[in-house]
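Okay, structure first, notes after.
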Amino acid sequence: MLRSIRTTAIATMAAATVAAGLGAVGAAPASAETVAPLSRCWGVSPNIVDQPFSVARLFLEPDGAGRVIARVRDVSSLWALLSPAAGYDSVGRLDWHNVSNGRKGTAIDTARIGGYVNGQQFRLATGAGTVRVTYSAVNRNALWAIPSTSCGGTLTVR
């Protein structure tokens, strides 16, 4: 009986995750959003029995000349499907270096990782050009904090 309940709960969580993902797909935003690939960052969810923290791209939205908003969207927690309070907090760090003009900087943002399409948002004023980025995060719940690996990529800012 207990095994049947556990199997049903896991199947329900998996189905809800797929349904949430399908519901999140919609019309493209009015702005010209692009995707910048990153080498993959990995981390254990602080909830342990959960899907891993895994980031492999940034979603970019122009924010004026030489400025961009970079968003992490591909992280979620299965536990948040049971209760919004069951997710975890993630502090993301995005180091950037514009190789075209020499500017450098760091952006930090905290996000609550819940159901689907959650993550940090970074407003970058890098100036136009080729920008190398390195992303990492520390994910925490009430008991502990677990860092992710870092990953990098290249953005083109106009």
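General remarks:
- Count of the stretch 126-151 residues, restricted to those that are more than 14 Å from the chain's Cα centre (by Cα), assigned to a strand (DSSP E or B) and among the hydroxyl-bearing types (Ser, Thr, Tyr), is 1.
- On the stretch given as the stretch 62-115, residues that are in contact with a Ser or Thr (Cβ under 8 Å, 6 or more places away or on another chain), of a type in the set (Gly, Ala, Ser) and assigned to a loop (DSSP other than H, G, I, E, B) total 7.
- Qualifying residue in the stretch 22-41 (condition: of a type in the set (Asp, Glu), in contact with a strand residue (DSSP E or B) (Cβ under 6 Å, 6 or more places away or on another chain) and at pLDDT 95 or above): no
- Whenever a residue of the stretch 65-90 is in contact (Cβ under 8 Å) with a residue 40 or more places away in the chain and more than 24 Å from PHE122 (Cα to Cα), its partners that are part of a loop (DSSP other than H, G, I, E, B) and of a type outside the set (Gly, Ala, Ser), lying with C-beta atoms within less than 6 angstrom and at least six residues away or across chains, give the pairs LEU78/ASP50; LEU78/GLN51.
- Of all residues in the stretch 131-148, those being surrounded by fewer than 14 Cβ atoms within 10 Å (Cβ to Cβ) and either without any contact (Cβ under 8 Å) to a residue 40 or more places away in the chain or polar (S, T, N, Q) (or both) number 1.
- Taken over the stretch 61-79, the criterion of being more than 8 Å from the chain's Cα centre (by Cα) and modelled with pLDDT of 95 or more is satisfied by GLU61, PRO62, ASP63, GLY64, ALA65, GLY66, ARG67, VAL68, ILE69, ALA70.
- Of all residues in the stretch 109-130, exactly one satisfies the criterion of being more than 24 Å from SER83 (Cβ to Cβ), polar (S, T, N, Q) and buried (at least 20 other Cβ atoms within 10 Å of the Cβ), namely THR126.
The values are calculated or read from the model by the stated rules, or taken from the named source; none is laboratory data. Quick caveat: nothing in here was measured; it's all calculated off a predicted structure. Neighbour counts are summed over all protein chains in view; Cβ atoms, including those assigned to glycine, are modelled from backbone coordinates with ideal geometry.
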